[in-house]
Amino acid sequence: MMKTLSIALLVLLFHTILSLSATFATPTSFHDNFLQCLSLHSDPSIPIYSPNSSSYSSILQFSVRNHRFSTPTTPKPELIITALDESHVQAAVICSRKHGLHLIIRSGGHDYEGLSYVSDVPFVIVDLLNLQSISVDAKKGTAWVQAGATIGQLYHNIAVKSRSYGFPAGICPTVGIGGHFSGGGHGALLRKYGLAADNIVDARLVNVDGKILDRKSMGEDLFWAIRGGGGASFGVVLSYKINLVHVPPVVTVFSFNKTLEEGATALVE
């Protein structure tokens, strides 16, 4: 009961600060104040794109896969920040809180639901696409992977280091690590090794104060919440440490097709 209550309070606090306060942002003062805040809390190299930037549309459309969320009337972000460093994410969190703007995080993969690039209040996108570092330790059977990488990149990096390790996540290579892991992450190895989230042993997260926390400093309740509970509700997850799982060096893959007339519905059920 106490764990459920503490998580609920964390969700309420984060959304109260970053969502409800968005109603106080004014278009005339937004850009100058927000950009000045970013310059105070980060280095000048932080990439920022406004609707007037030539690359704005192409960057915005990068992960859009549902054309219902790509119309002239679809709400667009005030700015897109393509973070190159963890400090850029910290600055975005601090400044969005200070100036009452809703912060939306994109983790580098595709998005059919529009959750990472649409909002009904003024918002800023922080795109983690450039945070794709993957460090595999084949001797210890672990890896650190940044939230902007895709599961295809993770699988490739594991395979380069070892033919006897794998990781239980999805089968689509263009799915972003951040969104996949924070939602649980189910895949073909589920029955033997569980969800991707079940194999996360540490993480680096930017909290509402702009501080970077690891598992020890965030505490077990918050660490539990970001593994399948929707990480963006509790902060911005920068990277995950995962335990790799044992797989045979040779795997046979096949597909089995059934039409509706042949009982496909019954097979799925």
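Take every DSSP beta bridge whose two residues both sit in the chain, then give the antiparallel share in percent to the nearest 5. Mind dumping the intermediate values first?
Values: 22 of 32 bridges.
Once the DSSP bridges in the chain are tallied, antiparallel ones form about 70 percent.
Give me, ordered by chain and number, the residues 5 or more places off Ala138 or on other chains with an amide H under 5 Å from its own placed amide H.
The list, which skips near neighbours in sequence, is empty: none.
If Val201, Val208, Val124 are ordered by their accessible area, calculated over protein heavy atoms with a 1.4 Å probe, which sequence runs from highest to lowest?
Details: Val201 45, Val208 20, Val124 0 Å².
Listed by decreasing accessible area, they come as Val201, Val208, Val124.
Please name whichever of Ile80, Ile212, Val247 sits farthest to the positive end of the charge dipole of the chain, dipole taken about the Cα centre and charges placed at Cβ: Lys and Arg +1, Asp and Glu -1.
Result: Val247.
Could you list which residues have their amide H under 5 Å from that of Leu79, counting only those 5 or more apart in sequence or on another chain, with H placed in the peptide plane?
Ile125
Tell me the carbon and sulfur percent of the accessible area for the range 30-127, rounded to whole percent, probe radius 1.4 Å. Walk me through the numbers before you get to the answer.
Details: 2450 of 4680 Å².
Reported share for carbon and sulfur atoms: 52 percent.
Treating only the Cβ atoms of Lys and Arg (+1) and Asp and Glu (-1) as charged, compute the dipole magnitude of the chain about its Cα centre; round to the nearest 20 debye.
On the way: 20 positive and 19 negative charges, 126 e Å.
Here the chain has a charge dipole of around 600 debye.
Quick query: amide H of Asp111 versus all other amide H atoms, modeled in the peptide plane; which residues come in under 5 Å with a sequence gap of 5 or more or a different chain?
Here the answer is Arg65, since their amide H atoms fall under 5 Å of that of Asp111.
Top to bottom by accessible area (1.4 Å), largest first, where do Phe234, Phe181, Phe69 land?
These residues rank, largest area first, as Phe69, Phe234, Phe181.
If a paramagnetic tag sat 7 Å from the Cα of Glu113 along the Cα-Cβ line, which residues of the range 232-269 would have the backbone N under 13 Å from that point?
Within reach of a label on Glu113, which here means backbone N under 13 Å from a point 7 Å along Cα→Cβ, the range 232-269 contributes 232-233.
Given a Förster distance of 30 angstrom, what is the FRET efficiency for Lys216 paired with Thr174, based on the Cβ-Cβ distance and rounded to 0.05? If you can, show how the numbers build up before the last one.
Working: r = 33 Å, r/R0 = 1.10.
The value I calculate is 0.35.
What's the whole-number percent of alpha carbon pairs in the chain lying beyond 33 angstrom? Please list the in-between numbers first.
On the way: 9213 of 36046 pairs.
Everything past 33 Å amounts to 26 percent.
Pairs of Cα atoms under 8 Å, at least six residues apart: use those to get the relative contact order of the chain, whole percent. List each step's numbers first, then the result.
On the way: 502 pairs, mean separation 48.1, N = 269.
Normalised by residue count, the contact order of the chain is 18 percent.
Could you tell me the ratio Rg/Rh of the range 66-133? Both radii from Cα atoms, Rh via Kirkwood.
Values: Rg = 12.2 Å, Rh = 12.5 Å.
With Rh from the inverse mean 1/r over Cα pairs, Rg/Rh is 0.97.
Assigning unit charges at the beta carbon (Lys, Arg +1; Asp, Glu -1) and nothing else, what dipole magnitude in debye, to the nearest 20, does the range 30-127 show about its Cα centre? Write down the numbers at each step before the final one.
Numbers: 6 positive and 9 negative charges, 46 e Å.
Dipole magnitude for the range 30-127 comes out near 220 debye.
Compute the separation of the alpha-carbon centres of the range 39-65 and the range 187-219 and state it in Å as a whole number.
Each part's Cα centre sits 27 Å from the other's.
Calculate for the chain the 222 nm mean residue ellipticity that helices alone would give, adding -39,500 (n - 2.57) per DSSP H run of length 4 or more and normalising by residue count, nearest 500 deg cm²/dmol. Walk me through the intermediate numbers first.
On the way: 10 runs with 87 residues, N = 269.
For the chain, the value works out to -9000 deg cm²/dmol.
Just want the answer: with Cβ charges of +1 for Lys and Arg and -1 for Asp and Glu, which residue in Gly235, Ala203, Gly152 is farthest toward the dipole's positive end in the range 134-246?
Comparing the listed Cα positions along the dipole, Gly152 ranks first.
Which residue, Ala138, Gly263, Tyr112, has the largest displacement toward the positive end of the dipole of the chain when charges sit on each Cβ (Lys, Arg +1; Asp, Glu -1)?
Ala138
For the range 134-246, what % of the accessible area comes from carbon and sulfur atoms, probe 1.4 Å?
Numbers: 2670 of 5080 Å².
Reported share for carbon and sulfur atoms: 53 percent.
Apply the Karplus parameterisation 6.51 cos²θ - 1.76 cosθ + 1.60, with θ equal to phi minus 60°, to every residue of the range 122-127 and state each ³J(HN,Hα) to the nearest whole Hz, in sequence, with x for glycine and proline.
My calculation for the range 122-127 gives x, 8, 10, 9, 10, 9 Hz in order.
Can you sort Ser217, Ser54 by 1.4 Å-probe accessible area, starting with the largest? Could the numbers behind the result be given before it?
Values: Ser217 70, Ser54 120 Å².
Heavy-atom accessible area, descending, gives Ser54, Ser217.
List the cysteines of the chain that have no other Cys Cβ closer than 4.7 Å: which are they?
Taking the Cβ cut-off of 4.7 Å, the unpaired cysteines of the chain are Cys172.
Leaving out ligands and nucleic acids, note down the accessible area per residue over the chain with a 1.4 angstrom probe, in whole Å². Provide the component values of the computation, followed by the final result.
Numbers: 14510 Å² over 269 residues.
That works out to 54 Å² for each residue.
The values are calculated or read from the model by the stated rules, or taken from the named source; none is laboratory data. Everything quoted here is computed from the prediction, not taken from an experiment. Cβ sites come from the backbone with ideal geometry, for glycine too, and all protein chains shown count toward neighbours. Only protein heavy atoms, including side chains, enter the accessible area calculation; ligands, DNA and RNA are left aside. Shrake-Rupley method; radii C 1.70, N 1.55, O 1.52, S 1.80 Å.
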